[in-house]
Every structure is written in C-alpha cells, then in structure tokens.
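Chemist: Starting off with a structure, shown below.
What follows draws every value from the coordinates through simple rules; no lab data is involved. Bear in mind the structure is a predicted one, so any value in this text is a computation, not a measurement. Note: ideal-geometry Cβ built from the backbone for every residue, glycine included; neighbour counts use all protein chains shown.
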Amino acid sequence: MSADRQQDRLEAAFLTSAPSLKQCPRDDIPEIAFAGRSNAGKSSVLNTITGNKKLAKVSKTPGRTQLLNLFSLASGGRLVDLPGYGYAKAGKQAQEKWQSAVNQYLSHRDNLRALVIVMDIRHPNQPLDQELIEWAEASELPTLVLLNKADKLSFSRQKQALSKFLNAYPNSRYLDALAFSALKGTGRKELIDRLMYLFDRG
Ligand SMILES: Nc1nc2c(ncn2[C@@H]2O[C@H](COP(=O)(O)OP(=O)(O)O)[C@@H](O)[C@H]2O)c(=O)[nH]1
Ligand SMILES: [Mg+2]
C-alpha cells in the first residue's frame with residue numbers, strides 16, 4: 001500500500017456481491033466497511049471518493065441492495081458497501097435479513113479494519129446508528145461517522161451538528177466524525193487520507 005503517495009481519488013473496481021459472510025472472498029486483504037441508513041448517501045460517498053459513478057450503480061442493481069458489495073482498491077485493500085438499514089418500506093423480514101448478514105460480517109470478518117457510518121447531518125444518530133456505534137466501540141473497531149449532506153446546512157450549523165454528535169459519545173475511544181458532502185466534495189480529501197491511514201496501519 002502507498003502511505004507515501006497522496007491520492008485524490010481511490011481507484012476502485014467492483015469485485016463481487018455476497019449474500020452473507022460465507023460467500024465473501026478470502027479474508028487475506030484488509031477491508032473497511034461502509035454502513036448507514038438507506039438514503040443517507042452511502043452510494044454517493046463511495047462514488048465521490050472513487051471518482052466512479054458506476055460503482056454506486058452496481059449497488060443499486062435490484063436484488064443487490066440486500067447484498068454485501070465488495071470493491072478492490074488499486075492501492076490495496078477493499079471497500080465493502082453494506083446493505084442500508086432502516087428503510088421504512090422494507091418489511092420486517094428484509095430488516096431481519098439485513099441484520100443477520102451485517103451482524104455476521106461485522107462480528108466475524110477478521111480482516112475488517114474500520115467502519116464508516118454515513119448519516120444525514122440533519123437527522124444523525126438514529127437508534128440503529130447508535131446501536132452500531134456502541135457495538136463498534138465495544139469491539140474496539142475504529143469508526144468514522146460522516147455527517148453527510150452538509151451542503152444542506154450553513155457552515156456554523158454544520159459545526160454545531162458535529163459537536164452535538166461527538167458530545168453524545170464523550171467516552172468513546174474509537175469514534176470520530178466529519179461533516180461531509182458527497183455533492184460538494186466537502187471532507188472528501190480528509191476521508192481518503194483517513195482510509196489510507198487505516199489501511200496502512202494494518
Ligand atoms: N444535498 C445532498 N444530497 C445528497 C448527498 N449525498 C447523497 N445525496 C442524495 O441523497 C439521496 C440518496 O443517496 P444515495 O447515495 O443513493 O444513498 P444510499 O441509499 O445511502 O446509498 C440521493 O438523492 C442523493 O443524490 C449530499 O452530500 N448532499
Ligand atoms: Mg446505496
């Protein structure tokens with residue numbers, strides 16, 4: 001991997017979709033997983049850091065939305081797009097399926113290095129987000145929250161939302177957050193640097 005090389009986008013290619021942990025490829029390459037409520041902008045975030053609009057198209061393919069979508073980075077490492085949670089129209093069964101696939105992956109994937117949780121900055125820290133954050137903290141898994149759609153708020157409101165969010169977790173040692181805008185590119189460079197750092201520290 002290339003700690004010394006500054007990157008302004010992560011070159012990525014679709015690797016495979018897996019319905020559950022069992023069908024995931026061998027865990028010999030470090031992975032960083034992306035999670036979040038449906039519509040928070042997870043696909044848009046992946047697009048903006050990879051500079052590839054086709055990536056999200058892959059995860060939007062009907063039937064693939066309930067799958068774990070894996071992308072290989074040219075610089076080494078993989079990004080894993082986890083199925084979005086909390087979609088109101090998804091039935092109870094679909095929600096349970098999400099939970100079991102995601103729980104399995106998060107709990108047992110040995111090459112998982114970090115978690116990125118995408119939230120809408122206007123409605124952050126919903127119950128399922130909180131559950132995931134508390135689980136990650138207990139698991140000592142580095143977690144970066146993106147308060148996405150920051151372009152919807154003034155700069156001072158963004159700062160406010162960010163401190164309010166972080167103040168909700170005063171004792172967390174593994175959590176950090178950034179105001180982000182997939183639309184405007186806010187936080188993009190910082191996210192790429194942090195991902196590279198998380199991969200490099202192995
Ligand atoms: N204003 C704004 N809209 C965004 C941003 N990111 C995503 N969206 C919009 O939010 C909606 C859901 O985005 P998508 O990436 O499909 O969310 P996903 O379900 O989490 O993958 C789409 O209409 C996007 O265009 C952002 O940073 N700013
Ligand atoms: Mg998506």
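Chemist: Between D193 and A138, with labels modelled 7 Å along Cα→Cβ, what's the label distance in nm to one decimal, could you check?
Modeler: A separation of 3.4 nm, rounded to one decimal place.
Chemist: What size of dipole, in debye to the nearest 20, comes out for the chain about its Cα centre when the only charges are +1 on Lys and Arg C-beta atoms and -1 on Asp and Glu C-beta atoms?
Modeler: Value, rounded to 20: 860 debye.
Chemist: Pairs K22/K42; K54/K184; K92/K184: which are spaced more than 26 Å apart, C-alpha to C-alpha?
Modeler: Pairs exceeding 26 Å: K92/K184.
Chemist: In nm, give the distance between the simple-model label positions of S172 and F155, each being 7 Å from the Cα along the Cα-to-Cβ direction.
Modeler: Each label point lies 7 Å from its Cα, and together they span 2.6 nm.
Chemist: Another question, if that's okay. If you plug each phi of region 174-184 into the Karplus form 6.51 cos²θ - 1.76 cosθ + 1.60 with θ = phi - 60°, what whole-Hz ³J(HN,Hα) values come out, in order, with x for Gly and Pro?
Modeler: Karplus-based 3J(HN,Hα) across region 174-184 equals 10, 10, 9, 9, 9, 6, 9, 9, 5, 5, 9 Hz.
Chemist: Kindly rank 91-98, 68-75, 41-48 from highest to lowest mean number of other beta carbons found within 10 Å of each residue.
Modeler: 41-48, 68-75, 91-98
Chemist: As an exercise, use a Förster radius of 25 Å and the Cβ-Cβ distance of L183 and Q95 to find the FRET efficiency, rounded to the nearest 0.05.
Modeler: 0.35
Chemist: Pull up all non-local amide H partners of T16: gap of 5 or more, or a different chain, and H-to-H distance under 5 Å with H placed in the peptide plane.
Modeler: Under 5 Å from the amide H of T16 lie the amide H atoms of L70, each far enough along the sequence or on another chain.
Chemist: Give me a comma-separated list of calculated 3J(HN,Hα) values for region 115-125, in order, Karplus coefficients 6.51, -1.76, 1.60 applied at θ = phi - 60°, integers in Hz, x for any Gly or Pro.
Modeler: Couplings: 10, 10, 10, 9, 10, 7, 4, 7, 9, x, 6 Hz.
Chemist: May I pose another question? State the Cα centre-to-centre distance between region 80-155 and region 175-196 in whole Å.
Modeler: 16 Å
Chemist: Would you please put 14-26, 162-174, 108-120 in order of how densely packed they are, using the mean number of other Cβ atoms within 10 angstrom per residue and starting with the highest?
Modeler: 108-120, 14-26, 162-174
Chemist: For every helix of n ≥ 4 consecutive DSSP H residues, a contribution of -39,500 (n - 2.57) applies; sum these over the chain, divide by its total residues, and give [θ] at 222 nm rounded to the nearest 500 deg cm²/dmol.
Modeler: Mean residue ellipticity at 222 nm (helix-derived): -11000 deg cm²/dmol.
Chemist: Using θ = phi - 60° and the Karplus relation 6.51 cos²θ - 1.76 cosθ + 1.60, list the HN-Hα couplings for region 188-198 in order, rounded to whole Hz, with x at every Gly or Pro.
Modeler: 4, 4, 5, 5, 4, 4, 5, 5, 4, 4, 5
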